[in-house]
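Nothing in this text is a laboratory measurement; each read-out follows from the coordinates by a stated rule. Being a predicted model, the structure only gives us computed values, none of them experimental. Here the Cβ is made from the backbone with ideal geometry for all residues, glycine too, and neighbour counts use every protein chain on show.
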């Protein structure tokens, strides 16, 4: 059984994309806002700030919160920070703080060439316990670095990219397929867009692939321009269809700012 599991693990690992970071122009520093929800109803909002910091690193800072009726039922505030190597687009570290009505969870990820170390603390004060776990798998991405890597690639029609991604608490095998190009309208404007299909499988502790019980698939629209901004995401999950949509974007250099129809 162990031999069989190891063989299956080796099979999918052999399909991982081996292309290095592409030569597509790097993303400019920006501030962007998004809304999140399901069935057309806004349930949360988020703000992100992306910049190229010191030591040739890309840095992403984000905050999010539930809103309206959803917040009355389920209070959640999220702070997120991620750092990636600007040359290789490999992840360096990420930290996510989730503040609920009655508890707080802090997850810190430290990446190396051979995998990631996750430190997770639930609760506050001296009684809070930090649990540490190491996951060994070369060339792991987090969400930030995976997005940077994909936008750096040619993204030609029919291209398929396969990545191992560790967003917070588990690793996933992500298959991203370029399925088309179309015009998309969001609150931030109307854009020519690249349409991507995303499928996920969970990577088990023995590196075997398992079905993702809560996620079926997602469609992602990325602007087909020099920025390749994430415009909209629609995901089929266990509660139905959830979405994220770009509301506004402002570049830190106003002289280069672009507005209107793309």
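Under 11 Å from a label point 7 Å along Cα→Cβ of residue 170: give me every residue in the stretch 194-232 with its amide N that close.
201-205, 210-215
Mind giving me the FRET efficiency for residue 38 and residue 248? R0 is 25 Å, r the Cβ-Cβ distance, nearest 0.05 is fine.
Computed FRET efficiency for residue 38 and residue 248: 0.70.
Arrange the following residues from fewest to most other Cβ atoms within 10 Å of their Cβ: 93, 182.
If I rank by nearby Cβ atoms, fewest first, I get 182, 93.
Under the rule a/c < 1.5 gives rounded, and otherwise a/b versus b/c splits prolate from oblate, where does the stretch 11-252 land using the Cα gyration tensor?
rounded
Starting from the Cα-Cα distance between residue 56 and residue 127, subtract it from 0.36 nm times their residue separation and give me the gain in nm to one decimal.
Extra length from residue 56 to residue 127 when fully extended: 21.8 nm.
Which FRET efficiency value, to the nearest 0.05, do you get for residue 18 and residue 199 by plugging their Cβ-Cβ distance into 1/(1 + (r/R0)^6) with R0 = 25 Å?
0.80
For the stretch 108-262, what is the relative contact order in percent, using Cα pairs closer than 8 Å and at least 6 residues apart in sequence?
14
Pull out the extension gain between residue 214 and residue 63, defined as 0.36 nm times the separation in residues minus the alpha carbon to alpha carbon distance; nm, one decimal.
Here the answer is 52.0 nm.
Please build a GNM for the chain, connecting alpha carbons under 10 Å apart, and tell me which residue among 11, 87, 77 fluctuates the most.
11
Rank 126, 154, 25 by mean-square fluctuation in a GNM of the chain with C-alpha springs under 10 angstrom and give only the top-ranked residue.
In the Gaussian network model the winner is 126.
Can you put 130, 45 in order of Cβ neighbours within 10 angstrom, beginning with the fewest?
The order, fewest Cβ neighbours first, is 130, 45.
Just want the ordering: 229, 69, 30, from fewest to most Cβ atoms lying within 10 Å of their own Cβ.
Listed from fewest to most nearby Cβ atoms, that is 69, 30, 229.
Residue separation times 0.36 nm, minus the C-alpha to C-alpha distance between residue 75 and residue 237: what's the value?
56.3 nm
Can you tell me the FRET efficiency between residue 134 and residue 185 if r is taken as the Cβ-Cβ distance and R0 is 45 Å, rounded to the nearest 0.05?
Efficiency, rounded to the nearest 0.05: 0.50.
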